[in-house]
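Step one of this worksheet: look at the structure below.
The values are calculated or read from the model by the stated rules, or taken from the named source; none is laboratory data. Computed from a predicted structure; not experimentally measured. Surface accessibility is based on the protein's heavy atoms, side chains included, excluding ligands, DNA and RNA. Shrake-Rupley method; radii C 1.70, N 1.55, O 1.52, S 1.80 Å.
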Amino acid sequence: MPTKVTPESEDTGRRIRAARVEAGLGVRELARLLAGGDAKRFDTFRRYLIRWEGGRNRPDEANRNRIADVLGIPRSRLSPE
């Protein structure tokens, strides 16, 4: 069953994608940084990033904070207004 796309998930996805692109990273590179070298976690983060950026899912606060920290941006940049 497809996940319902919401305005909040789309907004968060756009923010993640913009921050990733601004950092000059592809999905695979960001997933590798988030996984910290763990191959299984790399694949999980890669799949999640694709879903998050597409607005199909929204990362929880812990994952938004992790992404912001890895990208070196303020955590508030990935949070809804």
### Query
What part of the accessible area of the chain, given as a whole %, is carbon or sulfur when the probe is 1.4 angstrom?
49
### Message
Show me, bin by bin at 5 Å from 0, the whole-percent P(r) of the stretch 1-79 based on Cα pairs.
### Response
3, 17, 28, 28, 16, 6, 1, 0
## Note on the structure
The answer for the chain, accessible area per residue at 1.4 Å probe in Å², is 62
#### Entry: Relative contact order, percent, the chain [alpha-carbon distance under 8 Å, six or more residues apart]
40
